[in-house]
Structures are given as structure tokens and as C-alpha cells.
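Everything on this sheet refers to the single structure shown next.
The values are calculated or read from the model by the stated rules, or taken from the named source; none is laboratory data. All values reported here derive from a predicted model rather than from experimental measurement. So basically every Cβ, Gly included, is an ideal-geometry build from the backbone, and we count neighbours across all protein chains shown. These area figures cover heavy atoms from the full protein model, side chains too; ligands, DNA and RNA do not enter into them. Shrake-Rupley method; radii C 1.70, N 1.55, O 1.52, S 1.80 Å.
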Amino acid sequence: MFRGEDIGIDLGTASVLIYVRGKGIVLREPSVIAMVQGTKEVKAVGAEAYRMIGRTPANIVAAKPLRDGVIADYTLTEQMLTRFLKKVLTPTSRFFRPQVMVGVPSGVTEVERRAVVQAIVEAGAKRAFLIDEPMAAAIGSGINIAEPTGSMVVDIGGGSTDIAVISLGGIVQSTSLRIAGNEFDEAIARYIRTHKNLLIGERTAEELKIQIGAAKLRPEDPEVTAEIRGRDLISGLPKTVEVSSVDIVEALQEPIQKIIEGVKGILEITPPELISDIIDRGILLTGGGSLLRNLDLVLREATGVPVVLAENAIEAVALGTGRALEMLHVLKDTLVSSDNILKR
Ligand code: ADP
Ligand code: MG
């Protein structure tokens, strides 16, 4: 029997990952698209477009079509997805059209969900399904979502933190905060501006976060420093400044506190039986933002609930979308699919 390939897509605010059954993750690119202003002709997508951010001539713009966990520009999202899909579709899969499962941030509206499904079908899929990212993250981390046991997933991405309690194949409670990795970067840039009088770009802030950042420093964590370049706010000239991990910890307190509040808020409205399951299993942390050093520790101290950092935190959603295609019987009630949208 010939059949189309099964493809899973993590449509994230920071990056897009594509999983092909039997091949694994075949594409991992920033969620960026560059086009000519006016004509809207697409110049580049992904890594190539990312390099253009902040460096384009006047007539070209490089944009992030997903922002803060929602689709900021639908047309651009569609064009970006179509380009990425073209990159991974083989001649065989163009003929035996694939089934595609897309993980979207839970803040994406019903109208946008339909639009994404439509875009995927137009790009050559036989059928398209959408799944909420926290659900995909849980599946991708090996949680059996079909059983009547509660699990809590906190997925910290670039633009949004999605918090969800899952049981029996469905989402029991959830929220999406617009505080995640990007906000961490902005908080670092703000801190450096006010405490060091230095203006730094978003990419420098992100590097600081990844290299020396932490949610907290334990006594055994060594204090590390980094030299950064930026513009001195007083002289207006380039300057090099030393920043330490203590600075970054302080800079990140506010956004981290907001994530803690979000998690506590969901715990407070979760039914007691499920809370008991969550205490047994621990809160599952996924997404690139969850890799901030000691963030799991801080979350555990603040909630009193064990916290488990997913083994494949960055890939969990993509892996989960792929596996979800094998679990359609369990998920069918919770998915948006091209079968029921395009019929209407
Ligand atoms: P999305 O699902 O929104 O596309 P990701 O799950 O890919 O986002 O996570 C992207 C975020 O993770 C970015 O803000 C990035 O800076 C952050 N990130 C990646 N690696 C690390 C790390 N080692 N430490 C802290 N943050 C990280
Ligand atoms: Mg994500």
C-alpha cells in the first residue's frame, strides 16, 4: 500500500521545526520571512531571512509573522509555511500527498486556526490537523495523554509561555502568557541600559541570557562574566562593558515572577484529583525558554511541586505533532482538521 508521508510541524514564534515520520526532524529554522516592501515578493525565509533582520536596505523588510504567541500576519505565516513545506516535500510526497499535523500556540484564534489549515492544504497536504502546543509537548515528552491522569505542561517559547493541565486526551485548564524568551531578552536589555548606561541589541541580550543567564544562582554555581559591546548612552560612542551572571539573574526576576504567577494561577483552579497526579508526576517544562539555568529549581521552590525539565525540551512539540498523527483516534475530538473545516 502506498501512502503519503506523515509530517509534523511545530509552528513556533521563534522557530519552525518539521518532523517527517521515519526521518526525524528534517528542518529547524527561525520563524522569519523577508520580502520586498510594496510588491510583497518573498526574498527569503528562515535562517537566511533571520540574518537580514536589522540589516536590510530600505525596500526589503524582514519580519516575524508570529509574535507573542499569536499570528501577527496571516499572509506572511502562510507564505513562510509554504516555503518550508516545499523544502521538505520529496517528489513522492508531492504525489502521495502527506498528512500534516501542526502545533500552534494555544493563543491562536479559531479564525487563524482555520486559516493555517487552509494554508497547509493549499501547500499540498492531503489532510491537515492542528493541535495545541502543550498537548503536542506532552505527547512528544512521552506522556500518555489518553489516560485519566492529570499532567501539567509549561512550554516556554520565544513569544509565549503556554501552561496547560491535560487529562484524558483533552486540555482541562490552560493559559497563554505573553512572557517568554523574548521578554527575558528585553528585560536584560532594559537592565543593561539602566544599570550600565549601555544600549544593546536584542541578539546580544539573547546571547547573554544563553551564555551566562540563570533564574537563580545556587551557592555552588560559579559567578561568570561576559564582555559585551554596545553604545554608551552618555557619550553616544561604542563601548565594551563587563556583565556578570548576578546582573542577569536580577534582570530576569520580573518576567520569571510573572511565569510563576501564571503557573500558580492554573494550579489554583485545577481539580484536586488532578493536582494530586501533578504532584506525583511533576510539572513538565518544555520549550527553548525552559533551558534557562535553574528555572526548574525556581519554579519548584515557588510552587512546592516537583518540576521535570523535558529531555528534548526544544524538540518536544515537533516530535509530539508527528506522534499525534498516529493517535488520531484519541485526539479527534480536540483537533481542528481540514476534514471538518473544508466541508463547511
Ligand atoms: P517557540 O516555540 O516560540 O518557537 P522555542 O521553544 O524555540 O520557541 O524557544 C525559543 C526561546 O528559547 C528563545 O527566546 C531562545 O532565546 C530561548 N533559548 C534557547 N536556548 C536557550 C538556553 N540554553 N537558555 C535560555 N534560553 C534559551
Ligand atoms: Mg514552541
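Take the solvent-accessible surface of the protein heavy atoms, probe 1.4 Å, and return the percent of it on the chain that carbon and sulfur atoms account for. Ligands and nucleic acids excluded, carbon and sulfur give 51 percent. If the chain linking Arg281 and Ile60 were pulled fully straight, counting 0.36 nm for each residue of separation and taking away their Cα-Cα distance, it would gain 74.7 nm. The distance between label points at Asp73 and Arg229 comes to 3.0 nm (points 7 Å beyond Cα on the Cα→Cβ vector). Each residue was assigned an accessible area with a 1.4 Å probe, and for Lys196 the value is about 50 Å². Counting only DSSP H runs of at least 4 residues, each contributing -39500 (n - 2.57), and dividing by the residue count of the chain, the helix-based mean residue ellipticity at 222 nm comes to -11500 deg cm²/dmol. With both labels modelled 7 Å from their Cα along Cα-to-Cβ, the Glu41 to Ser244 distance reads 5.4 nm.
Suppose all protein chains stay in the model; what accessible area per residue would a 1.4 Å probe give for the chain, in Å²? Here the per-residue accessible area is 46 Å². Within the assembled protein chains, the solvent-accessible surface assigned to Lys23 is about 110 Å², based on a 1.4 Å probe. With every protein chain in place, what's the accessible area of His329 (1.4 Å probe, Å², nearest 10)? The value for His329 is about 130 Å².
Excluding the site residues themselves, the longest part of the chain lacking any GluC sites (Glu not before Pro) in a DSSP loop with at most 16 other Cβ atoms within 10 Å is 42-219. With the convex hull of its Cα atoms as the shape, the range 63-221 has an orientation-averaged projected area of 12.8 nm². Residue pairs exceeding 19 angstrom between C-alpha atoms, taken from Lys209/Lys264; Lys23/Lys86; Lys196/Lys216; Lys23/Lys87; Lys43/Lys64: Lys209/Lys264; Lys196/Lys216. Computed on the range 186-332, with alpha-carbon pairs under 8 angstrom and 6+ residues apart, the relative contact order is 21 percent. Sequentially through the range 141-153, phi angles give Karplus couplings (6.51, -1.76, 1.60; θ = phi - 60°) of 8, x, 7, 7, 6, 7, 7, x, 10, x, 10, 10, 10 Hz, Gly and Pro residues having no value and appearing as x. The relative contact order of the range 56-170 comes to 23 percent, based on Cα pairs under 8 Å that sit 6 or more residues apart.
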